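Engineer: Have a look at this one.
The values are calculated or read from the model by the stated rules, or taken from the named source; none is laboratory data. Values in this document were obtained by computation on a predicted structure and should not be read as measured data. Positions of Cβ are backbone-derived with ideal geometry, glycine not excepted, and every protein chain shown enters the neighbour counts.
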């Protein structure tokens, strides 16, 4: 039975997952590379849960109890009694493998290791551990406290008991498990990447342009947008920054050298953020438009089950409001 959960990485995903686990009454141990990262994570959790209390979604006593369940530290030895680990480090295969090699000698023999990777092969990552049968993917969506979907991905060696334990945990966390095969990009990102090019055509058909200014003007003219063009620009910048933090494929093409301190490099960097925003708008627009197809087409995501059909719908909920605004005359 899973009682104590260790989380490696106190970034946006690790912080959100820690909050979800603590609110579900699991003991949580959270680590990162230094104390400032951990302090920021705890402050984020405190702020988020306080806001939830104010909105009536959480009782003050529940918040206090959840915060007490979260312990932080910098030494992996604190994970020696954990029943399950959730790794949420940056989307870098060698970095993750290094973490697992350092972690495995410390864990209990039957402790389960999961990774929050959105695209890296589970089987390859499992091979870097001493327990491939006790290893699998557990891909939370961002933000973890809000989005219901969690993709569960078995590696070639993942045993049934590990899969069932992680699936039961997912349900206890109040999430909906979607069973994905260990193929590139799993379910959500596979649908999104497939839809990117289609999204460009859909944008062209609905907006009459693929230029940033044209799309921004259309969004700004919608009654749903009250801040005019600046609001639309801010949206694109936000989406672009989100895409970069998630290391979406687009950023393979964007030179990090542009992120220098000079005004010119800052402007160039802002332009890349806008470009990424357009990318995500196209991707999201395609996802929304393709829901009926995704629910009925086996070819689209490589073999849809009832659970993955549900996943294809859940992953689109977050873009419906945006697309609704874009479709306003």
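Engineer: Of the residues 144, 111, 127, only one is under 29 Å from residue 45 (Cα atoms) and over 16 Å from the mean Cα position of the chain (by Cα); which?
Structural biologist: The unique qualifying residue is 111.
Engineer: Looking only at segment 105-133, count every residue that is touching a strand residue (DSSP E or B) at 6+ places or on another chain (Cβ under 8 Å) and under 20 Å from residue 31 (Cβ atoms) and tell me the total.
Structural biologist: Adding up the residues that qualify gives 11.
Engineer: Can you name the number of the only condition in (1) buried (at least 16 other Cβ atoms within 10 Å of the Cβ); (2) outside any helix (DSSP H, G or I); (3) modelled with pLDDT under 95 that residue 146 fails?
Structural biologist: That leaves (1) as the condition not met.
Engineer: Here's another thing I want to ask about it. Taking segment 60-76, which residues are surrounded by fewer than 18 Cβ atoms within 10 Å (Cβ to Cβ) and within 14 Å of residue 23 (Cα to Cα)?
Structural biologist: Passing the criteria: 60, 61, 62, 64, 65, 67, 68, 71.
Engineer: While we're here: Say we look at segment 1-19 and pick out the residues that are over 21 Å from residue 91 (Cα atoms) and in a loop (DSSP other than H, G, I, E, B); which of these is modelled with the lowest pLDDT?
Structural biologist: Here the residue is 1.
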